[in-house]
Amino acid sequence: MATQSGSAQVVLITGGTSGIGLSLAETYLARGASVAVCGRSAGPLERFSRAHPEALAIQADITDPGARIMMLDAVTARFDRLDVLINNAGTFNERNFATDPDATRGLDQEIAINLTAPIELTNDVLNRWADLTAIVFVTSGFALVSPTRAPTYGAVKAGLHGFAEGLRRQLAPNKIHVLELLPPATDTPMNAELTGKKMAPEAVAGITLKALDRRRPMALPGPTKLLPTMLRITPNTIKRSVAKM
């Protein structure tokens, strides 16, 4: 079951109204694919629909089981199938356990959005479309080296990294491609306050689709390309670098 190109594909992207998710949606649309995106806020969904009336925009909170089913029902009603699921929705929370006595405030929601919901949605999709072509998990370079300023973000992304790795082996006999995308610092609303060099989300999207076409296990845009190798060769140097982030 090779990854298809062009109009044959139906793609669902969570968090698809901004940042990397939006760039993935627009890249797929440019290829001629049928695209559905979901988000929690009505405003970004309305803007997406005005810009891309041929796509399906669904208001849904992926941490809500009922909302996930409603979303998949909407995909079924419009397209009658799904080929590619892209688990992109996520949130970034800085937490300082050394100085903040309430450092776990909102932790359940952070874990739900970044880890539990993508796993549950993947299960929902596989139960409905056993002939799925590909599943994508957007993690982070921080899945491999946790950031000092956001240790719980590193933890949940590491968890999603582990899930993708195990799921890849489970689904290999079914020819379902599992791709993990580890983007570097990217020029998205989530990183608006971040200084320094940031990669364009369009470039991240392009590299992701190339990795899908080539059935790679990972998409490693920009600086993350060398991260796995550097962690093997000079792990302490990499960890000291991340400690400054």
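The values are calculated or read from the model by the stated rules, or taken from the named source; none is laboratory data. In this text, all values refer to a predicted model and were calculated from it rather than measured experimentally. All Cβ positions, glycine included, derive from the backbone under ideal geometry; neighbour counts span all protein chains shown. What goes into the accessible areas is simple: the full protein's heavy atoms, side chains included, and nothing from ligands, DNA or RNA. Shrake-Rupley method; radii C 1.70, N 1.55, O 1.52, S 1.80 Å.
In sequence order, what are the phi-derived ³J(HN,Hα) couplings for the range 13-29 according to the Karplus relation 6.51 cos²θ - 1.76 cosθ + 1.60 with θ = phi - 60°, rounded to whole Hz, with x for glycine and proline? Ordered by residue, 3J(HN,Hα) equals 10, 7, x, x, 9, 7, x, 4, x, 5, 5, 5, 4, 5, 5, 5, 4 Hz. 3J(HN,Hα) along the range 68-84: 5, 5, 4, 4, 5, 4, 5, 5, 4, 4, 7, 10, 6, 6, 9, 10, 10 Hz, from the Karplus curve 6.51 cos²θ - 1.76 cosθ + 1.60 with θ = phi - 60°, whole Hz, x for Gly and Pro.
Using a probe of 1.4 Å on the protein chains alone, the accessible area found for residue 54 is around 110 Å².
Sort 149, 128 by accessible area with a 1.4 Å probe, largest first.
Listed by decreasing accessible area, they come as 128, 149.
Proximity of backbone amide H atoms, modeled 1.01 Å from N, is registered between residue 177 and 134, 135 at under 5 Å, excluding neighbours fewer than 5 places apart on the same chain. Normalising the average separation of contacting C-alpha pairs (under 8 angstrom, six or more residues apart) by the number of residues puts the relative contact order of the range 132-173 at 35 percent. Across the range 162-177, computed HN-Hα scalar couplings (Karplus, 6.51 cos²θ - 1.76 cosθ + 1.60, θ = phi - 60°) run x, 5, 4, 5, x, 4, 4, 5, 5, 8, 4, x, 8, 6, 8, 7 Hz from first to last residue, x flagging Gly and Pro. As a length-normalised measure over Cα pairs under 8 Å and 6 or more apart, the relative contact order of the range 100-165 settles at 33 percent. For the peptides 164-176, 97-109, 19-31, residues were scored by their other Cβ atoms within 10 Å and the scores averaged per peptide; the highest-first order is 19-31, 164-176, 97-109. Taking amide H as placed 1.01 Å from N in the peptide plane, residue 218 has its amide H under 5 Å from the amide H of 180, each at least 5 places away in sequence or on another chain. Counting only protein heavy atoms and a 1.4 Å probe, the range 1-156 has 41 square angstrom of accessible area per residue.
Our note on the geometry: Cα centres of the range 67-125 and the range 163-184, 17 Å apart. Can you list residues whose amide H is under 5 Å from residue 57's amide H, if they're 5+ apart or on another chain and H is modeled 1.01 Å from N? Excluding prolines and chain starts, which carry no amide H, the hits are 37.
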